[in-house]
Amino acid sequence: MTVLIITHSEDNECIARVAAAIERLGGRAFRFDTDAFPQGARLALAAGPGAGRSTLRAGGGELDLGDVTAVWYRRVAFGRGLPASMDPQLRSASVQEAKQTVEGLLSALRVPQVDPLPAVRFASNKQVQLDIAREVGLDTPRTLTTNDEDAARAFAAACPGGVVAKMLSSFAVYRDGEEHVVFTNALRDEDLADMRGLSLCPMTFQERIPKARELRVTVVGERVFAASIDPEAAPGAEVDWRRQGIELIDAWRKDALPPDVEIAVLRLMDQLGLNYGALDILRTPDGRHVFLEVNPVGEFFWLERSPGLPISEALAEVLLGKAPRRGSWSAFLHAPVTQPR
């Protein structure tokens with residue numbers, strides 16, 4: 001059994017952890033760093049009689065793609081290794097061709113994937129997540145995504161407990177070579193007074209939910225792992241714990257969801273077509289569990305350090321078919337991954 005891992009060279013320790021777990025369970029893990037393609041890695045996709053074998057040479061090894069029994073889709077970084085001196089138009093074309101080639105590879109591999117690219121793209125839509133979460137019985141915050149100042153102010157007025165602002169996409173701003181991640185922020189009166197920036201970029205607003213614990217819930221197949229932290233554990237983490245993520249890395253503790261909430265979470269995963277997801281959930285002082293979002297390729301490595309959740313092992317078992325897989329992955333494998341021209 002051979003698992004093809006789709007990632008990039010700057011991915012974190014979770015790759016080595018899952019690869020080691022695959023090897024312990026008797027499988028082979030083959031890592032494909034997409035930032036090494038096309039300049040470093042060599043990919044040959046053959047089709048038709050006499051065209052030869054489909055192979056991948058990467059990281060000093062070679063893989064016959066006919067031997068792949070499962071795919072773990074983590075991260076991509078196409079073209080990162082291309083020369084900086086390359087003509088911008090040619091560079092763009094090269095990156096696009098590399099992207100199309102690898103996506104073609106994923107479509108051609110009719111094997112279980114965690115998770116299929118169409119499922120990852122569908123599930124990454126946060127408006128879709130919230131709609132389905134409500135349908136399966138999860139508690140969700142009131143939410144508005146808009147570029148309309150008046151609509152934003154009216155929404156804020158309807159939320160007496162306050163409002164937070166967040167982005168639908170994760171990104172950072174770079175100034176003088178320093179990374180500034182855009183976190184979730186609580187809106188102040190002065191923010192509501194001047195919202196001209198909405199005309200340049202829409203934003204998502206949510207009612208501010210009082211919280212006793214912040215939960216990170218990681219679903220792998222049919223297994224649900226929960227960990228939580230005290231939102232008051234570090235100054236500056238009250239609204240978004242990621243602001244103090246390094247300081248809080250050892251503050252996570254094992255937790256558990258109530259049975260009805262866990263069932264609803266698994267129903268959400270079924271509806272999204274996912275075998276893996278990292279969910280953010282708030283526990284309120286009165287015991288409610290409020291779903292915020294799910295990241296189909298979310299991080300988990302620090303939860304294996306503290307509080308020691310065996311997520312890598314669970315992923316390896318699902319990828320090798322040693323644990324049940326959720327959902328109908330085969331339906332997504334036959335879905336198009338690119339838009340028609």
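Remark: GLY277 falls outside the filter, which requires a residue to be modelled with pLDDT of 95 or more, more than 17 Å from the chain's Cα centre (by Cα) and not in a helix (DSSP H, G or I).
Can you name every residue in segment 69-84 that is within 14 Å of the chain's Cα centre (by Cα) and in a strand (DSSP E or B)? Lay out the reasoning, then the answer.
Taking segment 69-84 as the starting set, the residues that turn out to be within 14 Å of the chain's Cα centre (by Cα) are 72-76.
TRP72, TYR73 - these are the residues of segment 69-84 that are within 14 Å of the chain's Cα centre (by Cα) and in a strand (DSSP E or B).
Candidates are the residues of segment 67-86 that are more than 15 Å from ASP33 (Cβ to Cβ) and open to solvent by 70 Å² or more (accessible area, probe 1.4 Å); the one that is modelled with the highest pLDDT is ASP67. Of all residues in segment 1-60, those satisfying the criterion of being in contact (Cβ under 8 Å) with a residue 12 or more places away in the chain, open to solvent by 40 Å² or more (accessible area, probe 1.4 Å), more than 21 Å from LEU303 (Cβ to Cβ) and of a type outside the set (A, V, I, L, M, F, W, C) are SER9, GLY26, ARG28, ARG31, PRO38, GLN39, GLY40, ARG42, ARG53, ARG57, GLY59.
So that you can scan it fast, the table gives a plain yes or no per residue for (1) of a type in the set (D, E, K, R); (2) open to solvent by less than 40 Å² (accessible area, probe 1.4 Å); (3) modelled with pLDDT under 90:
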residue: VAL220; (1), (2), (3): no, yes, no
residue: ALA227; (1), (2), (3): no, yes, no
residue: PRO231; (1), (2), (3): no, yes, yes
residue: PRO235; (1), (2), (3): no, no, yes
residue: VAL261; (1), (2), (3): no, yes, no
residue: LEU282; (1), (2), (3): no, yes, no
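Here is a check on your reading of the model: is VAL102 surrounded by 13 or more Cβ atoms within 10 Å (Cβ to Cβ), at pLDDT 90 or above, closer than 18 Å to SER9 by Cβ and under 21 Å from the mean Cα position of the chain (by Cα)? Spelling it out, VAL102 is indeed surrounded by 13 or more Cβ atoms within 10 Å (Cβ to Cβ), at pLDDT 90 or above, closer than 18 Å to SER9 by Cβ and under 21 Å from the mean Cα position of the chain (by Cα). The set of residues from segment 2-49 being part of a helix (DSSP H, G or I), over 26 Å from GLY321 (Cβ atoms) and within 21 Å of the chain's Cα centre (by Cα) comprises just one member, ASP35. If you check GLY287 against the conditions, is it at pLDDT 95 or above and in a loop (DSSP other than H, G, I, E, B)? The answer is yes for GLY287.
The values are calculated or read from the model by the stated rules, or taken from the named source; none is laboratory data. The shown structure was predicted, so the numbers you read here are calculated from the model rather than taken from an experiment. Glycine gets a Cβ as well: all are built from the backbone with ideal geometry, and neighbour counts include every protein chain shown. Keep in mind that these areas ignore ligands, DNA and RNA; they rest on the heavy atoms of the full protein, side chains included. Shrake-Rupley method; radii C 1.70, N 1.55, O 1.52, S 1.80 Å.
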